[in-house]
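These notes concern the structure reproduced below.
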Amino acid sequence: MCPWPSSPSYIPAPAPGDIHVWQASLVQPASLLQGLEQVLSPDERGRVSRFRRDIIRHRFIVARGVLRYILGRYVSRPPQDIVFQYAEYGKPELGPPDMTLQFNVSHSHDLALYAFTRNHSIGVDIEYLNRRSVMDRMKIARRFFSDMEYDALCALPQSKQDRAFLACWTRKEAFIKAIGQGLSCPLDQFDVTVDPDRSAALLSTRWDAAEAARWTMVTLDPGGDYIGALAVEREYKQVQYWTWHDKVMR
């Protein structure tokens, strides 16, 4: 994938059938951090104050502040006036009159991904390729992946298994985030494609034979040692990609 283009200062909200995906570096200068923190809600600032490590505080400020600025542009509202409501398992969403705009956020290491669409549930996940040991990777896969996924991972050349492990993990995380259940949904109760060179797809679920046909998955390539995926509850017309820039704040 080519580098994601820098975002223009104005981007209209996604049209029906479109998906917008943004990436943002969580490493930002102190001057920008201050501006992002100012648009956080009192509850969000309270969360910031409870983080003990500076790096965790800074990543949260950037991740949530950038989300507020993007949403603010989409709904024509100051970022500090964005009000979130939370679903049963904690997934943030917008209330009326903006509830048709669906979104999801994920971050890993120094990078965040944001996905937006209209009228349909969406989930996104990003992971950093940290070169886990073969034993650690296979132990996690054996515990959390379905039998089909574990067998598919083992069948791949070892040189490909690092990225395959994360391809599978991000596809599964994107799906459970899209349905709003997070890790309360057992990861071994549905199957996704594992090979990173194969199109991302939900193959089956144990609870509904028709469920897989309702979902579309997309592999995301933010660059570097990152891999990502999104899941959306329908087919889509197009996916547009941007890299967040602080000119969105102006």
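The values are calculated or read from the model by the stated rules, or taken from the named source; none is laboratory data. Remember, predicted model here, so these are calculated numbers, not experimental data. Cβ placement follows ideal geometry from the backbone for every residue including glycine, while neighbour counts extend to all protein chains displayed.
Does L113 count as modelled with pLDDT of 95 or more, touching a Ser or Thr at 6+ places or on another chain (Cβ under 6 Å), buried (at least 20 other Cβ atoms within 10 Å of the Cβ) and not polar (S, T, N, Q)?
Details: modelled with pLDDT of 95 or more: yes; touching a Ser or Thr at 6+ places or on another chain (Cβ under 6 Å): yes; buried (at least 20 other Cβ atoms within 10 Å of the Cβ): yes; not polar (S, T, N, Q): yes.
Yes: the conditions hold for L113.
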Number of the condition not met by K177 [criteria: (1) under 24 Å from N130 (Cα atoms); (2) in contact with a helix residue (DSSP H, G or I) (Cβ under 9 Å, 6 or more places away or on another chain); (3) buried (at least 21 other Cβ atoms within 10 Å of the Cβ)]: (2)
Strands (runs of 3 or more DSSP E) (entirely within segment 131-250) containing at least 3 residues that are in contact with a strand residue (DSSP E or B) (Cβ under 7 Å, 6 or more places away or on another chain) and under 20 Å from H20 (Cα atoms): 216-220, 226-232, 238-243
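Condition check ((1) on the phi < 0 side of the Ramachandran plot; (2) modelled with pLDDT under 95; (3) among the acidic types (D, E)) across all residues:
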site: T205; (1), (2), (3): yes, no, no
site: A209; (1), (2), (3): yes, yes, no
site: R214; (1), (2), (3): yes, no, no
site: M217; (1), (2), (3): yes, no, no
site: G224; (1), (2), (3): no, yes, no
site: V232; (1), (2), (3): yes, no, no
site: Q238; (1), (2), (3): yes, no, no
site: K247; (1), (2), (3): yes, yes, no
site: R250; (1), (2), (3): yes, yes, no
Residues that are surrounded by fewer than 17 Cβ atoms within 10 Å (Cβ to Cβ) and more than 19 Å from T170 (Cβ to Cβ), drawn from segment 212-242: A213, R214, R234, E235, K237, Q238, Q240
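Give segment 88-108 a look and list any residue that's more than 19 Å from K172 (Cβ to Cβ) and not in a strand (DSSP E or B), or say none.
From segment 88-108, those more than 19 Å from K172 (Cβ to Cβ) are 88, 92-103; that's our starting set.
Hits for segment 88-108 are E88, G95, P96, P97, D98, M99, T100.
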